[in-house]
1. Restrict the check to segment 20-38 and report whether at least one residue is under 16 Å from the mean Cα position of the chain (by Cα) and at pLDDT 95 or above.
2. In segment 118-126, is there at least one residue being of a type outside the set (Gly, Ala, Ser), at pLDDT 95 or above and assigned to a helix (DSSP H, G or I)?
3. Pull up segment 288-307, narrow it to residues that are under 18 Å from the mean Cα position of the chain (by Cα) and part of a helix (DSSP H, G or I), then point me to the one that is nearest to residue 153 (Cα to Cα).
4. Run residue 180 past the list (1) surrounded by fewer than 14 Cβ atoms within 10 Å (Cβ to Cβ); (2) touching a Pro at 6+ places or on another chain (Cβ under 6 Å); (3) of a type outside the set (A, V, I, L, M) and report the number of the one that doesn't hold.
5. Please name all residue pairs, on different chains or six or more residues apart, with Cβ atoms under 8 Å, provided the first residue is in segment 236-254 and is free of Cβ contacts under 8 Å to residues at least 24 places away in the same chain and the second residue is buried (at least 17 other Cβ atoms within 10 Å of the Cβ) and part of a strand (DSSP E or B).
6. Please determine whether any residue of segment 265-287 is buried (at least 16 other Cβ atoms within 10 Å of the Cβ) and assigned to a helix (DSSP H, G or I).
7. Among the numbered conditions (1) out of contact with any Gly (no Cβ under 9 Å at 6 or more places or on another chain); (2) modelled with pLDDT under 95; (3) part of a helix (DSSP H, G or I), tell me where residue 232 comes up short.
Amino acid sequence: MDNEMKIFSGNSNPALAAEIAESLNVSLGRAEVGKFPEGECKVKIADNIRGADVFILQSTCPPVNDNLVELLVMIDAARRASARRITAVIPYFGYARQDRKDQPRVPITAKLVANLITEAGADRVLTMDLHAQQIQGFFDIPLDHLMALPVLVDHFKALKIPDLAICTADVGGIKGAWKFAEKLNAPLAIVDKKRSGDTQVQALALIGEVKGKNIVIPDDMIATGGTLVNAAQFLRENGAKEIYACGTHGVLSGGAVERIKSAGFKQVVMTNTIPLAPDKQQPNYRHLSIARLFGEAIQRIHKETSVSSLFET
């Protein structure tokens, strides 16, 4: 089975896994991924994978702990089944917010999770739009970091929005927003914010011109929506017209759906790194697929060709 590619999926995002397999013209591997009666994770890989190049697809999205443990147990099962190489394909990497000690007596959870994935037996990781770029360095195994930028930019190019400007909702997102603005040939504005808690955000200042502009606010994730909603309100107060929000990962936690609904965005654009539950879907939501991008990256990893060139598309 040397060099045979086998793709398996956990329970976090089976629809995306099926799309990726279809883009590669392969069938998903057979695996039983469930729970014992007491709630412990139960995994059995039904296919022979001895000597195979194995890819395990699992976003660590809510329920985060269940999905993370599923990923770890699937990696361990593949390692003990003598897979030649195991790649953890994690479209959304959870536990990414605690990436440094910004207060006394707090953990660096992103590093802990990186260690767990490595110790479970993963040989490399493929992920997309990490919440903090430095998390790449937390892994002691190769990591390929994809960006949803090409998919999102293509969507907004097709809309042909007049008087377009790109605005980052906080200073930390300047680099990503600048790439967005460059690809869309639009000016960049910045909203400075102050965070007073996990969900409390206050817009403080505006850098750039937004009066009379239609605005796209890009971000890596849409979690509680507090940052987006406050930025949108602040931009309207400064003369902005229609406002679009976009984020790679639609976490949509803690009342985000109602909060975003009340903000009156023209569109809220997300990718399918995280499945969108039917009860969270809204008429102005757009859910874009990143399956072809991941499929191409998986193919290149399998064939030992360059993945970095994908970043330039």
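1. Here is the first cut: in segment 20-38, the ones under 16 Å from the mean Cα position of the chain (by Cα) are 20.
Within this subset, residues satisfying the condition of being at pLDDT 95 or above are 20.
Looking through segment 20-38, at least one residue is under 16 Å from the mean Cα position of the chain (by Cα) and at pLDDT 95 or above.
2. Step one: of segment 118-126, the residues of a type outside the set (Gly, Ala, Ser) are 118-119, 123-126.
Adding the requirement that they be at pLDDT 95 or above leaves 118-119, 123-126.
With assigned to a helix (DSSP H, G or I) added as a condition, the list becomes 118-119.
Yes, segment 118-126 has at least one match.
3. Within segment 288-307, the first condition is being under 18 Å from the mean Cα position of the chain (by Cα), and the residues that meet it are 288-298, 307.
From what is left, the residues that are part of a helix (DSSP H, G or I) are 291-298.
On the way: 291: 16, 292: 15, 293: 14, 294: 17, 295: 19, 296: 18, 297: 19, 298: 22 Å.
Among those residues, the one meeting the criterion is 293.
4. The single condition residue 180 does not satisfy is (1).
5. 236/243
6. no
7. With respect to (1) out of contact with any Gly (no Cβ under 9 Å at 6 or more places or on another chain); (2) modelled with pLDDT under 95; (3) part of a helix (DSSP H, G or I), residue 232 is out only on (1).
The values are calculated or read from the model by the stated rules, or taken from the named source; none is laboratory data. The shown structure was predicted, so the numbers you read here are calculated from the model rather than taken from an experiment. Methodologically, a virtual Cβ is constructed for each residue, glycine included, from the backbone with ideal geometry; neighbour enumeration extends over all protein chains shown.
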